[in-house]
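Values quoted throughout were computed directly from the atomic coordinates according to the rules given, and no laboratory measurement underlies them. Note that the structure is a prediction, hence the values are computed from the model and not measured. Neighbour counts are summed over all protein chains in view; Cβ atoms, including those assigned to glycine, are modelled from backbone coordinates with ideal geometry.
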Amino acid sequence: MRKLQLLMIAFMLFYSGSLLAQPALELNYPDYQFLNFQQSFERVKIATAKTESGIRKLFTDKQIKYPCPNLLFRVFKSTNEFEMWARNSIQDTFVLIKNYKICALSGILGPKRWEGDKQVPEGFYFIEEYNPKSNYYLGMLLNYPNYSDQACAVDKEHPGGDIYIHGKCMTVGCLPMTDEWIEEIYALCVSARVNGALNIPVHIFPLRFTQKGIDFLGREYKNEETKHRFWVNIKRAYDYFEATHKTLPVMYDEKGDYAF
């Protein structure tokens, strides 16, 4: 019965467009409509012109074709790390291309559970929208809250929202970059989207689940059972990626736990 419930949830999420952490989809043609819209904004044109050659070299040096529609970002909140990974096809393993630094973070370790808690979410997301006229220079919206966030929210009517990767180096729950870095990341993601990356996954963890990291969580958050249960849940996907450099398709069970 439980397997049937999981399967039904998976199909519902897939057909509603909310299935999480799907591999980037490769299309047979560029999306020129999306490209023309983005390039109609001066700041996008500037970002593309400034970063194109550098991005191409990053990929060439790692023997990854560019433009590349197979991207993955991994975030580690405790160390402000923002990793960019890529692969040539969905059959290949991911290769680390670059590790950026998030320039500011709010909140503490743990998932976001209500509007106004100033928390950066934790879990598995994808880039949902691109904002070329953001108040924070350039911004990419994550699909927070996902099904897990909604099911586990303390305030289910107001779980929060509008979590962006953006510039201007300021935040109350987002993932801010310097303008220099957001130019590179935004231009890269626009290129990937044009070439078929409809859902670029973004995995957000409290820290690296090494023994040192696990000991830290056990010591600093020893009485927070709900957080530990959540971290054990998302650690499964972390461990799989560390072992294989591939991602698992992510679904949810009826309680909002990630079901791998």
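Pull the list of the chain cysteines that no other Cys approaches to under 4.7 Å, Cβ to Cβ.
Unpaired cysteines in the chain: CYS68, CYS152, CYS174, CYS189.
If contacts are Cα pairs under 8 angstrom and at least 6 residues apart, what is the relative contact order of the chain in percent? It would help to have the intermediate numbers written out before the result.
On the way: 506 pairs, mean separation 70.1, N = 260.
For the chain, the relative contact order is 27 percent.
Would you mind checking which residues have amide H under 5 Å from SER134's amide H? H placed 1.01 Å from N; only 5 or more apart, or other chain.
GLY139
Search the structure for amide H atoms under 5 Å from the amide H of LEU175, placed 1.01 Å from N in the peptide plane, and list their residues when 5 or more places away or on another chain.
Amide H neighbours of LEU175: TYR164, ILE165, HIS166.
Which value, to two decimals, describes the C-alpha radius of gyration of the range 19-259 once divided by 2.2 N^0.38 Å?
Numbers: Rg = 17.4 Å, N = 241, 2.2 N^0.38 = 17.7 Å.
Rounded to two decimals, the normalised Rg is 0.99.
If you take the beta carbon distance between ASN223 and GLN63 as r and set R0 to 35 Å, what does 1/(1 + (r/R0)^6) give as a FRET efficiency, to the nearest 0.05?
Details: r = 47 Å, r/R0 = 1.36.
Efficiency for this residue pair is about 0.15.
Report the residues of the range 100-123 in range of a label on CYS169: point 7 Å along Cα→C-beta, backbone N strictly under 14 Å from it.
Label zone hits: 101-105.
Roughly how many nanometres apart are two label points built 7 Å out from the Cα toward the Cβ at PHE260 and HIS158?
Once both label points are built, they end up 3.5 nm from each other.
Could you tell me the ratio Rg/Rh of the range 39-80? Both radii from Cα atoms, Rh via Kirkwood.
Checking Rg against Rh, the ratio lands at 1.08.
Hey, what number do you get for the chain at 222 nm if only DSSP H runs of n ≥ 4 count, each worth -39500 (n - 2.57), divided across all residues, to the nearest 500?
-11500 deg cm²/dmol
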